[in-house]
Each structure stands twice: as structure tokens, then as C-alpha cells.
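Peer 1: Shown below is the structure under consideration.
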Amino acid sequence: MPPEILTQSPPPAEPMLDAAAYQALTGVSDRQLADLARYQELLATWNAVMNLVGPATLATYWTRHALDSSQLLDLAPGAKIWADLGAGAGLPGVVLAILLKDTPGATVHLVESMAKRCRFLSEVVTALDLPAQVHNARAEDLKLKVEVVTARACAPMTRLLGFSQPYLQRGALGLFLKGQDVASELTEAGKAWTFDAELRPSQSDPRGRIVQVKGLSRVR
């Protein structure tokens, strides 16, 4: 049976944010804003020689990347230990690590199977002194105990749930950033998995959704 999906209406589309508007909307500190701006610079520099994000999205960084990532914190207040699967460019994991930097005991595990992307992630973690660990490994091969597992642009839901299964079965909450095709992805995933899914609207894109997942098991 397909999963039960609870939906909310998306918010109206917002104009593209600059740094000041992002800070006004989210309430981040000046220090956090500076770290996010430095990350923007590193992302642009490395993107010139490595395919990390679509080049056009760099012009809308504060909405498309910063806000898209940071909105997850509101859905898991108090969570300190996160895993970002298929971390790639560090979205959402690096943004989360920046915002959790002053939180005692916080750690974001950046899980990425491609070595060259791990080099970029390690450079960012070192440059910004982030509470993050880079794992050059397949997500399903690690035995991490985390409070939240997340991913963006990693894989269709059926495969993504397979990658996330070890984390979810150890008690993690799943928060996955998805686009406008999420309903069909969830229907397809329901053929292989049983889970509770709640769709929440995205602050960064009226077409996007955040999929909150609990209670994962294989269909028998």
C-alpha cells in the first residue's frame, strides 16, 4: 500500500533573497551570515572546476541554497546530530553545520562516495572550522547513530529510502528536500517500502516539498 501522506499548502512564492534579506527572514547572527558568505565564495570557486551545483543557481544562492537548507532546522528543533547523505556540494549539510556551529555537542556527518567532492567538503569544513565530519563512503555502509538524516538531489525516493534505512531504523527522523515530482516518487517508493510520510511546504520554492519520514520497513 502507498504511504499515508499528510500535506500542507505551500506558501506564496517569495522574491529571491540577498544576504540582508536572508538574515532578516531567518534571524541568523552576523557571524553565521559571514560564514555563509564565505561558503558561497568557496562554492563558486570550486564550482568553476568541478560540477557541484548548477552555475545559474549561484546567483540565487541565498534563496536556492542557504534558505533551502536552513529551513530544515525548524522541523527538528533541538536536534544536534545530523547525517547528510550524498552531501556533494554540502547542501544542506554545510549550511546546517554553520548554523549549529555554536551549539555544544553538534555534529553534521557529510556522507559522500565521490573522493573529489570529499576534498571540497573537507576544505570547507577546515576553512570555516565547522562541527562536521566528512565520510568518503556509501551511506548504507556506515553505522552512524544520528537524530536526523537528510539529503537533497541525492536519488529518487525508492533508492533514497534504501540509503537511509540504517539511520531510520536506529531512530533517526528523515527530512528530505524534494521537488515537484515528489508525489509520484512517494507512490513508487510505496511499492517497496512501508513508511509514514508527511509533506511540508518549502520556504525556498513553492513547487518544492520537504518529506518527513518515520517508521520505515520493507514491503513483505
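The values are calculated or read from the model by the stated rules, or taken from the named source; none is laboratory data. What you are looking at is a predicted structure, and each value in this text was computed from that prediction instead of being measured. Cβ coordinates were reconstructed from backbone atoms using ideal geometry, including for glycine residues, and neighbour counts include every protein chain displayed. These accessible areas exclude ligands, DNA and RNA; they are computed on the full protein's heavy atoms, side chains included. Shrake-Rupley method; radii C 1.70, N 1.55, O 1.52, S 1.80 Å.
Peer 1: Could you provide, to the nearest whole Å², the per residue accessible area of region 88-151 with probe 1.4 Å?
Peer 2: 40 Å²
Peer 1: Another question, then. Taking each pair of different alpha-carbon atoms in the chain once, compute 1/r for the pair, average those values, and report the inverse of that mean as the Kirkwood hydrodynamic radius in Å to one decimal.
Peer 2: The Cα-based Kirkwood calculation yields 17.5 Å.
Peer 1: If you roll a 1.4 angstrom probe over the protein chains with everything in place, what fraction of the accessible area of the chain belongs to carbon and sulfur, to the nearest %?
Peer 2: Here it works out to 51 percent.
Peer 1: For the chain, modelled as a Gaussian network with Cα springs under 10 Å, which listed residue fluctuates most, THR57, THR158, THR150?
Peer 2: THR57
Peer 1: Distance check, please: which entries in LYS191/LYS214; LYS80/LYS145; LYS80/LYS116 exceed 23 angstrom between their Cα atoms?
Peer 2: LYS80/LYS116
Peer 1: Checking the cross-link filter: which aspartates and glutamates have an alpha carbon closer than 16 Å to that of LYS143, excluding same-chain neighbours under 8 positions apart?
Peer 2: Hits, sequence-local ones excluded: ASP84, GLU112.
Peer 1: Next question, about the same structure. How far is helix 115-128 tilted, in degrees, relative to the longest principal axis of the Cα atoms in the chain, given as a value from 0 to 90 rounded to the nearest 10?
Peer 2: Once rounded, the angle reads 50 degrees.
Peer 1: Further, regarding this structure: Report for the chain the percent antiparallel among DSSP-assigned beta bridges with both residues inside it, nearest 5.
Peer 2: Of all bridge pairs located within the chain, approximately 40 percent are antiparallel.
Peer 1: Rounded to the nearest 500, what is the chain's calculated 222 nm mean residue ellipticity when only DSSP H runs of at least 4 contribute -39500 (n - 2.57) each, over all residues?
Peer 2: Dividing the helical sum by the residues of the chain leaves -9500 deg cm²/dmol.
Peer 1: Of the options SER29, MET16, LEU161, report the single residue whose Cα projects farthest towards the positive end of the charge dipole of the chain (beta-carbon charges: Lys, Arg +1; Asp, Glu -1).
Peer 2: Selected residue: LEU161.
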